Amino acid sequence: MWTLKNAIVGVGLLVFAGLGSAHDLTPEWVKKENLENGLSVAVDSPWVIRKDGVFTLSVKVLNVCSEEDVVLREIRVVGCDGRTGAKVYDKPLRSFLTEYQTVHAAREAMNAADKNKDRAAMEQAHDAFGKSIGVIRHHAVIAKWTISTDCIPTGIEVEFLVDGAPKIIRKAIGTKFESPLPKGGPPAMVVHFDEHCEPILNEPRSSSTMWWFAGDQHIHTSFSVDAVILDGTEVEPYEYSQGAEAIGLDWAIFTDHSNITYSEVWGDRDWYVSSQFDWGQAECQQYRADHDWLSVYSQEMGLGQQGFWDLASHMLCLPLENDLSGMLANPSDGLVYGHADCESEQTIINRINNAGAFGFIAHPYDWEYLAFYEWDWGNGTNGWAGMELICADDGSYSSEDWSTWYKWHDLLGGIGTPTNGELPNRSGWPNKFPVGIGNSDAHEPGNVGRCWTYVAMEEVTRPNLKEAMLGGRCIASNGPLAWVNVNGAITGGVALIPDEWSRVVVSIRTNSSMGYAGDYRLHVLVDGEIRHTIEPNGIPYYSLDYTLSDLNLTSSDHFITLRAENGGFVGMANPVWLQHTIVGDIDGDGEIGISDLLAIIDNWGECSNCISDLDHDGVVGINDLLFLISLW
């Protein structure tokens, strides 16, 4: 495993060294390959629909650098029935060839200033870059429609007059219908393996299960300056929530950048100010009232000063149980968007915790040129609750995510040993171990929910969400729902097991868009090392439980995690912690007595992979009671 780890990290460093930066701040509409005769036409629509409702369709039109006279005639949406709905403009579109050239020249000047560590040259180049981008973006024509999921448009047509001649640019709308996300539930089949590792299918013996819900906790709206200037987003949280609900999520938390000190070069908007926070929070509160769907507003905060340019890392402020009472201060300064020179990491973490919220490290190993830095693991902070294991607005899994995966396991290895069925508390921390989650970091409504977090709870309420997320009952995913059950304990819990315990149940749930559950490779990791792999077997069901009987856990084993993979799909389960005890010690107190007997009675009946099922027949009954008494 360590060889694989070093190889992956090494490849990542080579890629970064070759590119000079992990991301490109230049907007898509400035890149020459995305222009047609200097014109940019972009469509934003949800990538998928899984639930009846409505969503916002946006079309953004810009004359970036055309050398001809251009008039925008109209923008048409082609419906699923072939009919069109049009917005008529007959508006001349000015070209910004000079500003376009300035953008590219300023970008080269920024690279040179960065190489030479020339602050004055960087300030001049970065200011020219940001101002030119802002001027071009200000003249975008943005058309919006509220679309019912009953009839998703197939495309858009934008009609121009170019030097008096008609020209039409067409763009397809890629929104597709998919089955709802998996919610858990009983398996369609239970799979055992014979001595030749061949799968044997059986009907499930028990219908008991844990239910899972899905949410995206990292989304940017028009109150994030980069979403507006770089992506052309002019959609606020209420409309965002409509789309998030339509794609099948059960909640969304909007986290606009708050370490911004910037004023429009073309208008009268300022970022980031308390009135924007108040507006965003009010929209989420109104959506909750109108739709009985959990929409929450908050901030992505900048913290720390790293590198020559004093750049910040990012942390999600997640008010899981209650709304923030107001915007949390996040003072910053420097560079064109005033996003550098933030307060220390510990200062911001304390501010989040004092407000009753919880901090999750955003994209820990990701960085963006002159925008933000990766997390500094040597900063000596405490008090944050977890981190993003996957974060991508296109649903991809990157080399930076691999780095996070390995670092996360290193941190899990430092957690104390459980006693009496509980992990020890950590002084100065809000929870007992760093929880891994998944998010999209979407800056446009159409990219919401490309990655998400499954959370196990009875129903979606904020108290339940807080308890489950802080407790680690979470799966970071861009598709599959997969978790481990060890003697009745699932993801986030503590399993009580005797030495040489070997039985583990691996559950996976998918849908038709993700492929059969039997097509996935499932890695069961013990203390960060792969202990067992279930290879793809082609079993044609979307819901499987695999029973493993040869994991051979020993007293030195501390925790189990799970990774499910199939092509670009990945799901990563938080740990099941292991407390080693004696057979029959159901409550983990090191003795077999009356409390263990009462636990048998409480779980009487069907109880698959349940700690009270001492004879492992899927039923807690008289045999288990007699067995317990024999061990008294």
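The values are calculated or read from the model by the stated rules, or taken from the named source; none is laboratory data. Not measured: the values here are computed from a predicted model. In this analysis, Cβ positions are derived from the backbone assuming ideal geometry, glycine residues included, and neighbour counts consider all displayed protein chains. Accessible surface is based on the protein model in full, side chains and every heavy atom, while ligands, DNA and RNA are left aside. Shrake-Rupley method; radii C 1.70, N 1.55, O 1.52, S 1.80 Å.
Report the Cα centroid-to-centroid distance between region 537-557 and region 172-244 in angstrom, as an integer.
Comparing the Cα centres of region 537-557 and region 172-244, I get a distance of 22 Å.
To the nearest 10 square angstrom, what accessible area does Lys131 show with a 1.4 Å probe?
Looks like 110 Å² after rounding.
Which of the chymotrypsin sites (Phe, Trp or Tyr not before Pro) found in region 293-322 are in a DSSP loop and have at most 13 neighbouring Cβ atoms, other than their own, within 10 Å?
Phe308
Once the Cα atoms of helix 2-19 and of the chain are each reduced to a long axis, what angle between those two axes, in degrees from 0 to 90 to the nearest 10, is obtained?
0
So if we plug the beta-carbon distance of Asn111 and Asp323 into 1/(1 + (r/R0)^6) with R0 = 41 Å, what FRET efficiency do we get, rounded to 0.05?
0.45
Longest span of the chain, sites excluded, free of GluC sites (Glu not before Pro) in DSSP loop with at most 12 other C-beta atoms within 10 Å?
Longest stretch, sites excluded: 196-457.
Run the accessible area of the chain with a 1.4 Å probe and give the carbon-and-sulfur part as a rounded percent.
Of all accessible area on the chain, carbon and sulfur atoms account for 50 percent.
Any idea what the dipole of region 312-366 comes to, in debye rounded to 20, about its Cα centre with Lys/Arg Cβ at +1 and Asp/Glu Cβ at -1?
The dipole of region 312-366 has a size of about 80 debye.
Could the peptides 38-51, 539-552 be put in order, highest first, of the mean number of other beta-carbon atoms found within 10 Å of their residues?
Output ranking for 38-51, 539-552: 38-51, 539-552.
Once you place label points 7 Å from the Cα toward the Cβ at Asp550 and Met210, how far apart are they in nm?
Here the modelled spin labels are 2.7 nm apart.
Might you report the magnitude of the Cβ-based charge dipole of region 24-101 about its Cα centre, with Lys and Arg at +1 and Asp and Glu at -1, to the nearest 20 debye?
Approximately 360 debye in magnitude.
Would you mind getting me the FRET efficiency between Asp394 and Asp194? Use the beta-carbon distance for r and R0 = 45 Å, nearest 0.05.
0.65
Provide the solvent-accessible area of His138, counting protein heavy atoms only and rolling a 1.4 Å probe, rounded to the nearest 10 Å².
Result for His138: roughly 80 Å² accessible.
Just the accessible area per residue of the chain, please: how many Å² with a 1.4 Å probe?
39
For region 422-457, run through the trypsin sites (Lys or Arg not before Pro) and keep only the ones in DSSP coil with at most 16 other Cβ atoms within 10 Å of their Cβ.
In loop regions of region 422-457 (DSSP not H, G, I, E or B), the sparsely surrounded trypsin sites (Lys or Arg not before Pro) are Arg426.
How do Arg107, Arg119, Arg205, Arg351 rank by accessible surface area computed with a 1.4 Å probe, from largest to smallest?
The most accessible residue leads, giving Arg205, Arg119, Arg351, Arg107.
Dipole of the chain, Cα-centred, from +1 at each Lys and Arg C-beta and -1 at each Asp and Glu C-beta, to the nearest 20 debye?
With Lys and Arg at +1 and Asp and Glu at -1, about 1260 debye.
Helix 97-116 against the longest principal axis of the chain: what's the angle in degrees, Cα atoms only, rounded to the nearest 10?
For helix 97-116, the angle is close to 50 degrees.
Suppose R0 equals 22 Å; then what is the FRET efficiency for Leu201 and Asn623 from their Cβ-Cβ distance, rounded to the nearest 0.05?
0.25
May I ask which of Lys60/Lys91; Lys51/Lys183; Lys31/Lys131; Lys87/Lys167; Lys32/Lys176 have a Cα-Cα span longer than 25 Å here?
Pairs exceeding the cut-off: Lys32/Lys176.
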